[in-house]
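Heads up: the structure comes next, in structure tokens.
The values are calculated or read from the model by the stated rules, or taken from the named source; none is laboratory data. In this text, all values refer to a predicted model and were calculated from it rather than measured experimentally. Cβ atoms come from the backbone with ideal geometry, glycine included; neighbour counts cover every protein chain shown.
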Amino acid sequence: MYVSHYFEWESYITGGHKQSVLNQRKMLQRAGIEYTTDPDLDADLLHLNNMAPRSVFAAKRARSAGTPVVIHTHQTAEDFKGSFAFSDQLAKPLRPYLEYAYKLGDHLICPSEYNERTIAEYTKTPTTVISNGYDPEKIEGYETLRDTYLDRYDLSPPVVFNVGHVIPRKGLETFIKTAAALPELDFVWFGFLNPTGGTLDRVLRSRKTQRLVESAPENVTFTGYIEDIRGAYAAGDIFFFPTHNENEGMALLEAMAAGAAPVVRDIPTFEWLDDGTDCLKADTEFVSPIVTLVNDEERARIATNAEAHSEEFTLDAVQSELVELYEHLGDE
């Protein structure tokens, strides 16, 4: 099988979206499936990861040529809100555009059951849930970096942390308010879009994000982009993820695999997590669950269960699902 595995705007997109594409390609390599990163219509199957204009054009041409089209539903209007400057305004026209774009697929890959239910309101195109997964090799050896990163950012364990773009949708306001209520703990956010960022960061950062970051108390650190993401998982003990909407949450999977105890917002995306067993959940008030996990024994219990649960989402665990879907569509 020869697959056209196309990711439009690949040079500009970062975060979990990009990592998901890298994960997919690694699984294809392991499975011995030949692929190109160009929109090659001579391929046996076209797999699209960002439905920008060139991808829409490629999907139309592939459908006309009888080539199966698979589309990953990374984007939804719901997930886009509260992200970057003007994202709330752009989310409204984004919805009908994505409805149109996703209908061009023969099959859609949804990273979670929640995402699949959301997409069902966009189109009746057949769907399959396949986790984005996480790559254990990406975080291998994180333990050796703990002292280095604790010293670098002057952090005292247990450290409450988050990983990802610094944007309102990720629960930035809740993160800061919770930190203000717990001045004795260090809170740190590893990720893009903060005052230490570059020109693109400043352009994309919304006024709300700027205001929130500037209002953060002294016990909150925004690191900006770090070259070695393992340092985040090495330094962190309690993964605080109060996001308002998420298609899956790859940083959560990586944090669990690295032995962090998760505190998450109780939203449908995280229904696969068991409150009190492999995480603690809350709707609006997060001080209590974080205080609970300051206790070493309780934190270790939750973290151990979370790490065990994360094994279901390794690339090895999800690779067969992706390959089987390819084979199924190729035989139709």
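Of the helices (runs of 4 or more DSSP H) lying entirely inside the stretch 89-187, those containing at least 3 residues that are out of contact with any Asp or Glu (no Cβ under 6 Å at 6 or more places or on another chain) and under 30 Å from residue 24 (Cα atoms) span 113-119, 136-139. Do we have any residue at all in the stretch 7-19 that's surrounded by 14 or more Cβ atoms within 10 Å (Cβ to Cβ), touching a strand residue (DSSP E or B) at 6+ places or on another chain (Cβ under 7 Å) and not charged (D, E, K, R)? Checked against the condition, which is being surrounded by 14 or more Cβ atoms within 10 Å (Cβ to Cβ), touching a strand residue (DSSP E or B) at 6+ places or on another chain (Cβ under 7 Å) and not charged (D, E, K, R), the stretch 7-19 yields no hits at all. Checked across the stretch 239-259, the condition of being at positive phi and either touching a strand residue (DSSP E or B) at 6+ places or on another chain (Cβ under 8 Å) or surrounded by fewer than 14 Cβ atoms within 10 Å (Cβ to Cβ) (or both) holds for at least one residue. Within the stretch 182-221, the residues that satisfy the criterion of being at pLDDT 95 or above and either surrounded by 14 or more Cβ atoms within 10 Å (Cβ to Cβ) or not assigned by TED's automatic domain parsing to the domain that holds residue 265 (or both) are 182, 185, 186, 187, 188, 189, 190, 216, 219, 220, 221.
Can you name the residue in the stretch 9-44 that is of a type in the set (Gly, Ala, Ser) and free of Cβ contacts under 8 Å to residues at least 24 places away in the same chain and, of all such residues, is nearest to residue 133 (Cα to Cα)? Give the derivation first.
Going through the stretch 9-44, the residues of a type in the set (Gly, Ala, Ser) turn out to be 11, 15-16, 20, 31-32, 43.
Now narrow it down to the ones that are free of Cβ contacts under 8 Å to residues at least 24 places away in the same chain: 11, 32.
On the way: 11: 22, 32: 19 Å.
The selected residue is 32.
Tell me the residue from 11, 55, 64 that is out of contact with any Pro (no Cβ under 9 Å at 6 or more places or on another chain), part of a helix (DSSP H, G or I) and not assigned by TED's automatic domain parsing to the domain that holds residue 254, please.
Details: 11 fails: part of a helix (DSSP H, G or I); 55 fails: out of contact with any Pro (no Cβ under 9 Å at 6 or more places or on another chain).
Answer to the selection: 64.
Based on this model, can you work out whether residue 67 counts as of a type in the set (S, T, N, Q) and modelled with pLDDT of 95 or more? Taking the combined requirement at face value, the residue satisfies it. Taking the numbered list (1) closer than 23 Å to residue 295 by Cβ; (2) hydrophobic (A, V, I, L, M, F, W, C); (3) surrounded by 22 or more Cβ atoms within 10 Å (Cβ to Cβ) in turn, residue 150 passes all entries but (3). Contact map, the stretch 302-331: first residue assigned to a helix (DSSP H, G or I), second residue aromatic (Phe, Trp, Tyr) and at pLDDT 95 or above, Cβ cut-off under 6 Å, separation 6 or more or different chains; pairs are 313/134.
Would you check which residues across the stretch 291-300 are surrounded by fewer than 23 Cβ atoms within 10 Å (Cβ to Cβ) and either among the hydrophobic types (A, V, I, L, M, F, W, C) or touching a Ser or Thr at 6+ places or on another chain (Cβ under 9 Å) (or both) and list them?
Here is the first cut: in the stretch 291-300, the residues surrounded by fewer than 23 Cβ atoms within 10 Å (Cβ to Cβ) are 291-292, 294-300.
Correct list: 291, 294, 298, 299, 300.
The condition of being surrounded by fewer than 16 Cβ atoms within 10 Å (Cβ to Cβ), outside the structural domain of residue 247 (by TED's automatic domain parsing) and modelled with pLDDT under 95 holds for residue 89. Residue 229 falls short on exactly one of the conditions (1) over 15 Å from the mean Cα position of the chain (by Cα); (2) β-branched (Val, Ile, Thr); (3) at pLDDT 95 or above, and that condition is (1).
Figure legend. Inter-residue proximity from the stretch 206-219: first residues in contact (Cβ under 8 Å) with a residue 12 or more places away in the chain, second residues small (Gly, Ala, Ser), beta-carbon distance below 6 Å, spacing 6+ or different chains. Indicated pairs: 206/85; 217/179; 217/180; 219/179.
Limited to the stretch 29-52, what total is found for residues that are in a loop (DSSP other than H, G, I, E, B) and of a type in the set (Ser, Thr, Tyr)? Before you say what the answer is, go through the steps one by one.
As a first pass, look at the stretch 29-52 and keep what is in a loop (DSSP other than H, G, I, E, B): 32-33, 37-44, 49-52.
Cutting the leftovers down to of a type in the set (Ser, Thr, Tyr) gives us 37.
Here the count works out to 1.
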